[in-house]
Each structure stands twice: as structure tokens, then as C-alpha cells.
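Everything below concerns the one structure shown next.
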Amino acid sequence: MKSTLFATTILAASVAVPAFGADKPFDGVTLRVLSTQQPWDAEVQKRVAQFEEKTGATVEFDLYAFGQTVQKVAVELTSKSPAYDVVFLEASDVPRFVPGGFLEPLDGYVETAKFDIDDFIPSTIAAETVDGKLYGIPYFAATQLMYYRGDVLKAAGFDAPPKTFEELISMCGKLQTQDMPCTALRGKANTSENIWYWTQILYGYGGHWVKDFPNDMTPTINSPEAVKAAEAYVKLLQDYSIPGSASAGYDEVVVAMQQANVAIAIEGAPLAGRILDPKLSKVSGELGFAVTPGGPAGVFAPFSAQGWNVNAASRNKEAAAAFILWATSKEIVKDISTNSSFLAVTRNSIWADAAFEAKHGYDFGYGSFTKAYAATLAVGAKDYRLPFAEFRPMADRVGLALQEAAVGKKTAQQALDDAQADVTTIMKRAGYLK
């Protein structure tokens, strides 16, 4: 049924054509969405009645903590369960589920609906594309920024934030006090926590996950460059970060910055809305924003996209695609981004919108947040997370190694040597190595 009716459904649902109300092409359909407990999901929920009114569909959300969602989606897809029609995926996980036919390609729906796909940041669309086919629509452009207390740095004699991780370590030696750690960073062991942070250090020091992706998949987890990157990361965790850093996730980092407990934090750019929430924040009006630090090999800002995908086992694929295209339409994204704390938008037109800049500029005298965000996206590392099915288990294993080093159970060299052996086994089992 990817037809003129589908195109009309999307048009009417997104721009609210009054005459469409009587048509209700998905009357009686119940869509189930499996996603995360994040601001985007909450804001779409607030507006979903618009979609329901125009289409006749009912939309039910099952939202879980981030890690739980990732695990549950994997189970639902690989079991080919039709229980959920729309699922959340980090774009780096899309290649994991395409080979088994677990995701529905969306190209036909996008073309039929004349959906303005060219308005999206190209790298976010590329991240959802495998072998030339589009498998998801990205709504969340994920990267990290450096947040810093402009007043604290100025009082310590620093005119600018650090540009490298070596400078960050050196600066922390002067900013650290008995009452306030220099920084807060993720130490929790998994791909979406400590690995999301550490990979930029790995690349900055000249390290890589494998010898030559995708031509030579031999792991290089324990290379000299990787060990140096791990040692720098461990030093920041052990000497200059908040108590409990070895098990901290992004929530702990956000709270530490909100409560003015640290001078510098490298954390998700989309989390600025929480960090600067006037009801919770003690640092609103004091923060500066900058591109994340680099290393001898350059700056490699974290980059990924998050989006919604149609479960190939869904019995309501057309309605599911219609819902995703409605939720990510320019009108809905603009409404959400200018009337909430959500700002990780994937549409270029929104970044250029005056209302968006007025809402999220956050210029307290140390530079515009949105300009820093855009500059960071511009240097976001291509394939920051390698796009192949085994990357998550590989990265999870290295995340455990970094945590072992951070708590002093092993040296960085020992931890990465052990991880190298295990990751090599993963690659052999997957057929990448003999």
C-alpha cells in the first residue's frame, strides 16, 4: 500500500490538512513503539494525539532506560517478534540487524511520501544507510562538547579551555581542589558509556580499533597508541574525576555539572538542556562551550545518530513508517526543539532557524552553545563507531578492560592485552580472521 494514500497520510499528518480528518487510513491500527526514556520520546508522546487524530491509529509507547532498551530491541528483532512496530536503534547498530532481514527498508516510503530527506544532516542519513538502502530516520544527532566553568578557569588564570587531552590533564592539576574535582567523565563499562567517551582519545593518540577497516579487521586494541590513550583516560578518572567515576554514566556526569561540582566536563551536547535546566542547574549563566579536545593525531569528536526504525516483523509497516515520518517532519521537529529542552536535531533547517538559536544559544559570554555544537558536528569522526555487526560486543569487551584499569585491577597494558585476545576470538568467530 505504499501508494498515493500513503503520501497523503504523511502530508496530512505533518501539516494537519483539515480535510484529512475524515479519512483515517489507519483506523483500528495499534502501533507499539519500543524506545528510550529520553526527552525526544517524552515530547513526541505529548504530540502523538495529532497523528492519532489524522490517521485513526493508536500509538502505545514502551519506554525504558537506555541500556535496557538496547538489550530489549535486540531480543525483539532477532526473535522476529511482531510485538513492536517501531524500534529505537543507535545508527551504529543498524548494520548489526540488516543482514538477518530484521529491519524494513524505508526508501520506498520516503520516496512515495516525498519526504524532505535532503534536509537532514548528511552524516546522520549515511549512518542509517547500509548497502545503499535507508533503514531508519535519525532524530538525534549525538556528539559530545566540552562544558567548562568560565569563571573558574578565568580565576585560575586560563583564557581558554584545553585543546588536547594532555592540556586537559595539565590544567586539571591546577584546577583540582579539595572541594571540587576538576572533571567528571563516564566510567561505566559499555559501548554507550566509557567507550563513547574513550574512543575520541584513542583516535586522538593515533590508535584504531582494527588495522584497516574494513580491509584488515585484525584488532589493534593493545597498540602503543591505544595503551597511551587508556593511560590518559585512567589518569583523568583516578586523579581528577568525581568519586565513583569508575561506574559513572552520563546521568552522574550531568548532575555533577548541574550542581557546580566540577570545572570541566566532556559530555553529550544534547544534554545541555538538562545541564542548564533553570529549575535544577547552579551553573546556568557560567558555562562555556567548546569542541572536544584532541591529541597528536587530531580532533575526533564523537559522532553517532539515533533514530526510529520499522521492525521487519511488524504487521503494520505502512502505519509504522507513516508515524516515523510524521514524528521527524520539519514541523514536528521545530515544534519540539523550540518548545522543550530537546536540541539534538538532525535537520539542517532547524539549526539555521532563528527561533532555535534564540531558544538554545546559551551564550553566557564564553561562546554560543549552538555554534560550538555545529562546529563539533563538523569534525565528528566518520565511523566513530565502526559500522559492522560485531562492533558492540567488541567495544563492550574493551569497555570492561578500561574499567579494570580504572579501578586498579590491571594496568592499562594488561587490561588491553587481555581484551585484544578476546576481541580476536570474536573476530575469528565472525569470520573476519582465519
Practice problem: Using the Kirkwood radius over Cα pairs, work out the Stokes-Einstein diffusion coefficient for the stretch 133-188 at 20 °C and 1.002 mPa s, in µm²/s as a whole number. | Solution: 155 µm²/s
Self-check item: the stretch 184-337 - accessible surface per residue (Å², probe 1.4 Å)
Solution: 31 Å²
Exercise. Would you pull out the residues with amide H under 5 Å of Thr191's amide H, same chain only if 5 or more places away, H placed 1.01 Å from N?
Key: Asp396
Exercise. Largest first and to the nearest Å, give the Cα extent of the chain along each principal axis.
Key: 67, 56, 30
Quiz prompt | Candidates Gly150, Gly298, Gly132: whichever shows maximal mean-square fluctuation once the chain is modelled as a Gaussian network with Cα springs under 10 Å | solution = Gly132
Practice problem: Treating cross-link reach as a plain straight distance, find the lysines whose alpha-carbon is under 19 Å from the alpha-carbon of Lys428, omitting any fewer than eight places away in the same chain. | Solution: Lys211
Practice problem: Provide the per-residue ³J(HN,Hα) series for the stretch 427-434, in order, calculated from phi with Karplus coefficients 6.51, -1.76, 1.60 and θ = phi - 60°, each as a whole number of Hz, with x at glycine and proline positions. | Solution: 5, 5, 4, 7, x, 7, 10, 8
Exercise. Can you send over the carbon and sulfur percentage of the accessible area for the chain, probe radius 1.4 Å, protein chains only?
Key: 51 percent
Practice problem: Work the Kirkwood hydrodynamic radius out for the stretch 232-311: mean of 1/r over every pair of different alpha-carbon atoms, inverted, in Å. | Solution: 14.5 Å
Quiz item: Stokes-Einstein at 25 °C, 0.890 mPa s, Kirkwood radius from Cα pairs: D for the stretch 17-88 in µm² s⁻¹?
Solution: 185 µm²/s
Quiz item: When all alpha-carbon pairs of the stretch 42-178 are counted, what percent fall beyond 25 Å?
Solution: 50 percent
Quiz item: Against the longest alpha carbon principal axis of the chain, how many degrees, from 0 to 90 and to the nearest 10, is the axis of helix 369-378 turned?
Solution: 90 degrees
Self-check item: GNM top mover of Gln144, Gln178, Gln45 - the chain, alpha-carbon springs below 10 Å
Solution: Gln178
Exercise. Rounded to whole Hz and in sequence order, give me ³J(HN,Hα) for the stretch 215-221 from the Karplus expression 6.51 cos²θ - 1.76 cosθ + 1.60, θ = phi - 60°, writing x for Gly and Pro.
Key: 6, 10, 8, 5, x, 10, 5
Exercise. Could you tell me what fraction of 2.2 N^0.38 Å the Cα radius of gyration of the stretch 201-338 comes to, as a two-decimal ratio?
Key: 1.40
Quiz item: For the chain, what's the relative contact order in percent, using C-alpha pairs closer than 8 Å and at least 6 residues apart?
Solution: 24 percent
Quiz item: If amide H atoms are built 1.01 Å from N in the plane of the peptide, which residues on other chains or at least 5 residues away come under 5 Å of the amide H of Phe61?
Solution: Val33
Quiz item: Along each of its three principal axes, how wide is the spread of alpha-carbon positions in the stretch 321-378, in whole angstrom units, largest first?
Solution: 43, 24, 16
Quiz item: What list of ³J(HN,Hα) couplings, whole Hz, do you get for the stretch 111-118 from phi and the Karplus terms 6.51, -1.76, 1.60, once you set θ to phi - 60° and write x for glycine and proline?
Solution: 5, 5, 7, 6, 6, 7, 5, 6
Quiz item: Quick one: if you take sqrt(5λ) for each eigenvalue of the C-alpha gyration tensor of the stretch 338-434, what semi-axes come out, biggest first, whole angstrom?
Solution: 40, 19, 10
Quiz prompt | On Cα atoms only, tilt of 224-240 relative to the major axis of the chain in degrees | solution = 80 degrees
Quiz item: What accessible surface, in Å², does a 1.4 Å probe find on Arg392, ignoring ligands, DNA and RNA and rounding to the nearest 10?
Solution: 30 Å²
Self-check item: Centroid-to-centroid separation of the stretch 29-79 and the stretch 308-326 [C-alpha atoms, Å]
Solution: 11 Å
Quiz prompt | Eligible lysines near Lys174 by straight Cα distance, threshold 29 Å, same-chain separation 8 or greater | solution = Lys154, Lys163, Lys188, Lys228, Lys235, Lys282, Lys371, Lys409, Lys410
Quiz item: Comparing Ala230, Ala126, Ala65, which has the greatest mean-square fluctuation in the GNM of the chain with Cα pairs linked when under 10 Å apart?
Solution: Ala65
Quiz prompt | Cβ-Cβ FRET estimate between Lys235 and Glu111, R0 fixed at 60 Å, reported to 0.05 | solution = 0.70
Quiz prompt | Tilt relative to the chain, helix 4-15 - C-alpha long axis, 0 to 90 degrees, to 10 | solution = 60 degrees
Quiz item: For Asp251 and Gln50, what is the calculated FRET efficiency with R₀ set at 30 Å and r taken between the beta-carbons, to the nearest 0.05?
Solution: 0.45
Quiz item: Hey, with R₀ at 35 Å, roughly what FRET efficiency would Ala160 and Asp417 work out to, going by the Cβ-Cβ distance, to 0.05?
Solution: 0.40
Self-check item: Area accessible to solvent at Arg397, 1.4 Å probe radius, in Å²
Solution: 40 Å²
Quiz item: Between Ala83 and Ala355, 0.36 nm times their residue separation minus their Cα-Cα distance comes to what?
Solution: 94.0 nm
Practice problem: Give the Rg (one decimal place) followed by the Dmax (whole number) of the stretch 161-202, computed from C-alpha coordinates and expressed in Å. | Solution: 12.0, 32
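The values are calculated or read from the model by the stated rules, or taken from the named source; none is laboratory data. It should be emphasised that the depicted structure is a prediction, and the values quoted were computed from it without experimental measurement. Note that each Cβ is placed from the backbone with ideal geometry, even for glycine, and that neighbours are counted across all protein chains shown. Quick note on the areas: whole protein, heavy atoms, side chains included, nothing else; ligands and nucleic acids left out. Shrake-Rupley method; radii C 1.70, N 1.55, O 1.52, S 1.80 Å.
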